[in-house]
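The values are calculated or read from the model by the stated rules, or taken from the named source; none is laboratory data. On a predicted model such as this, the values are computed, not experimentally measured, just so you know. For neighbour counting, all protein chains shown are included, and Cβ atoms are generated from backbone atoms with ideal geometry for every residue, glycine included. Calculation scope for accessible area: heavy atoms of the full protein, side chains included, ligands and nucleic acids excluded. Shrake-Rupley method; radii C 1.70, N 1.55, O 1.52, S 1.80 Å.
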Amino acid sequence: MYLYLPVALTSINIIIPIGLGLVVGLLSGLFGVGGGFLMTPLLIMLGIPATVAAATDSNQIVAASTSGTYAHWKVGNVDFKMGFHLLIGGFVGGLFGVQAIKILRAMGNADFVIKMTYVLMLGIVGAYMFIESIQSMRKKKFEDSKPEKESGFSKVLKSLPLQTHYEKSGVTHSALVPVIFGGFVGVLAAVMGVGGGFLMVPVMVYILRMPMHVVVGTSLFQILFNCIEVTFLQAYTNHNVDFILAVLLLLGSTIGAQVGAVFGRKLKGEQLKIILAVIVLVVTVKIVFDLTTTPSLLLGQAGGH
Amino acid sequence: MKISNLIAAVITALAVIYSGTASADLTINANRDHISIGFFYHGSTVSVSGLSDTGTDMIVKITAPDGHETLKQKGKAAGFLWMNIGTLKFEHAPSLYFIHATKKPDEILNAEEMNKHIIGYPALSKHMEIMPVSGDEERTKWFDEFISYKEASKLYAASSGLIKITNENGRQKYYMQTDWPYQAPPGEYLVTVYAVKDKKVMEKAEAKVTVEQAGIVKALSGMAKNNGALYGIISILIALGAGFGVGMIFRKGGGAH
């Protein structure tokens, strides 16, 4: 059955967005990412204008991350305090990121810088997570739990003021740490035009040292708030949110997020990290392939990457 | 003799005048003058038919009014990476342009007539403005890319042989049916039929097709444009509701976990 999308001005077979929502929702529930890095390019491939694809995806993520946050909160895997501190940083970072794009555009090479930042970030994060998870899985085979050596970096973090204990995550940090790193992710996410879940998850795992299952729930919580803000701004200023498309996507993604959350509890933290790392690396390879292959069309809609 | 010569001359002159103003001879009917975009819309079909003088070739042109488009231009950055390297502006470019003819337009029309009536891609190329381009070669390249882009979106098409001709009671009947793409935005489209003979347009006739949104599609699209804040808030609330709703259902159903 086909439905007409009133803002995207195109018609779509409803099975496609519902199925797509299901898959991306599953990833959200499993890994705590919004999945924009998969969903937006796929929607563009289906003929949805780039600006509508990104805006509608954020609307859909509101539903998927609500569903996912709820599922993780039920089993006590959402650290609200940490989530709020990351959100403060993310909000301020987003404002800086938007300014950074303006400066890049004025310099005239914005697209190149944005694309390179995106590929490098995906590649580095994917490769690091992949290698690190394999190493930690190997270590666990030989010795169960050995306290890790404290690096110089973590010593610096511990010397910062406003130290506070994050109960749900079982870690103690200066409140400045999540604010600063949330801000850092916020800047990059705004520059790249993505939600930044694939950056936030590694920040929480490797810098904030949170347990993977709490990372997923907390990441979804802060993605929820980011996407509410983005959806409103997109609807209000750019009129780019397609309500019908969002509903079709969320029919799949809200269920996918629940299934992902249930399934994720059965996997170990390292397993989750490795699968996420592989997905991020596959996306990186796909983008590099697209960048180096001659496109079939040399003209495209304004507004996309 | 002089009188008969005069009568012959008058008859010839009248015949010439008649053939030049014979617009009543060519008729056009579009099967629909109104296409309504509803909730389940997935494109439509448009058929164009009518009567013309026998022995004329037919050209059917369907266009949107002239518009302008700004498109991103892909090119190689740093020597090997394909990405957006700039934007191109296309002025006097109709958002939709279909040209269907009994034979290839350049075989049945001279260049001057094609340009005058904007029949065929070469004539459209002369009609359009592309900025910024550094010369004719680059202009041709980007015009061809524009056509490829539009044809991929099903908004431009050119064909010969789609129009069927039959003879009826000494008149010629033409008929053509084409898919109307769902990608065509709401608006007013002009269907023009040209009767062509001796490399010239002998007659033309026009019909209009209006594409309009209706029902829920119209209501949502209007709200998105005119009441963005409320539209955004409703979209967010429904997403939140759906997320919680599904969460509740799973909580009830998935108590064993």
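For this structure, a couple of remarks:
- For the range A:14-114, a/c is not less than 1.5, where a ≥ b ≥ c are the root eigenvalues of the C-alpha gyration tensor, and a/b does not top b/c. That puts it in the oblate class.
- Burial order of peptide ranges A:155-164, B:216-225, B:56-65 (average beta-carbon count within 10 Å, highest first): B:56-65, B:216-225, A:155-164
- A simple charge model with +1 on the Cβ of Lys and Arg, -1 on the Cβ of Asp and Glu and nothing else charged puts the dipole of the range B:52-194 at about 360 debye relative to its Cα centre.
- Listed by chain and number, the lysines placed with their C-alpha closer than 22 angstrom to that of B:Lys200 are B:Lys61, B:Lys103, B:Lys104, B:Lys116, B:Lys126, B:Lys164, B:Lys173; residues fewer than eight positions away on the same chain are left out.
- Reachable aspartates and glutamates from A:Lys102, criterion Cα separation under 13 angstrom, eight or more residues apart if same chain: A:Asp111
- Reduction of at least 30 Å² in accessible surface, 1.4 Å probe, comparing all protein chains with the chain by itself, residues of the range B:218-239: B:Leu220, B:Ala224, B:Gly228, B:Ala229, B:Tyr231, B:Ser235, B:Ile236, B:Ile238, B:Ala239
- Here's the picture: charge each Lys and Arg Cβ at +1 and each Asp and Glu Cβ at -1 in chain B, and of B:Ser148, B:Tyr175, B:Ile35 the one pushed furthest to the positive end of that dipole is B:Ile35.
- Distant alpha-carbon pairs in chain A (separation over 29 angstrom), percent: 34 percent
- Rolling a 1.4 Å probe over the heavy atoms of the protein chains gives chain B an accessible area of 53 Å² per residue.
- Shielding value for A:225-231 is 2, the average number of Cβ atoms from other chains within 10 Å of each residue's Cβ.
- Cα-projected label distance for B:Lys116 with B:His68, points at 7 Å along beta-carbon direction, nm: 3.0 nm
- Structure remark: mean-square fluctuation, Gaussian network model of chain B, C-alpha springs under 10 Å; the largest value among B:Pro181, B:Pro94, B:Pro132 belongs to B:Pro132.
- Taken residue by residue and averaged, Cβ atoms of other chains lying within 10 Å of the Cβ of A:49-59 number 1.
- Within straight-line cross-link reach of A:Lys273, lysines at Cα separation under 16 Å, skipping those fewer than 8 residues along the same chain: A:Lys139, A:Lys140
- Label-point separation, A:Met45 to A:Thr294 (7 Å along Cα→Cβ), nm: 2.2 nm
- Highest-first packing order for the peptide set A:82-91, A:241-250 is A:241-250, A:82-91, based on the mean count of other beta carbon atoms within 10 Å.
- Value at 222 nm in deg cm²/dmol, rounded to 500, when DSSP H runs of n ≥ 4 in the protein assembly as shown each add -39,500 (n - 2.57): -18000 deg cm²/dmol
- When the charge dipole of chain A is built from unit charges on Cβ atoms (+1 for Lys and Arg, -1 for Asp and Glu) and taken about the Cα centre, the candidate among A:Ile124, A:Val283, A:Ile244 whose Cα reaches farthest toward its positive end is A:Ile124.
- Per-residue mean of C-beta atoms belonging to partner chains within 10 Å, peptide A:232-243: 6
- Working from Cα pairs under 8 Å separated by at least six residues, relative contact order for chain B is 27 percent.
- The protein assembly as shown: C-alpha gyration tensor shape, a/c 1.5 cut-off, then a/b vs b/c: prolate
- Span from the the range B:75-139 Cα centroid across to the the range A:262-292 one, whole angstrom: 43 Å
- Residue-count net charge about A:Pro17 - beta-carbon cut-off 13 Å; Lys, Arg +1, Asp, Glu -1: -2
- The magnitude of the dipole of the protein assembly as shown, with charges of +1 and -1 set on the Cβ of Lys/Arg and Asp/Glu and taken from the Cα centre, is near 1760 debye.
- In the protein assembly as shown, the portion of solvent-accessible area held by carbon and sulfur atoms comes to 64 percent [1.4 Å probe, whole percent, DNA, RNA and ligands not counted].
- Which of A:Ala110, A:Asn226, A:Thr293, positive extreme of dipole for the protein assembly as shown (C-beta unit charges): A:Asn226
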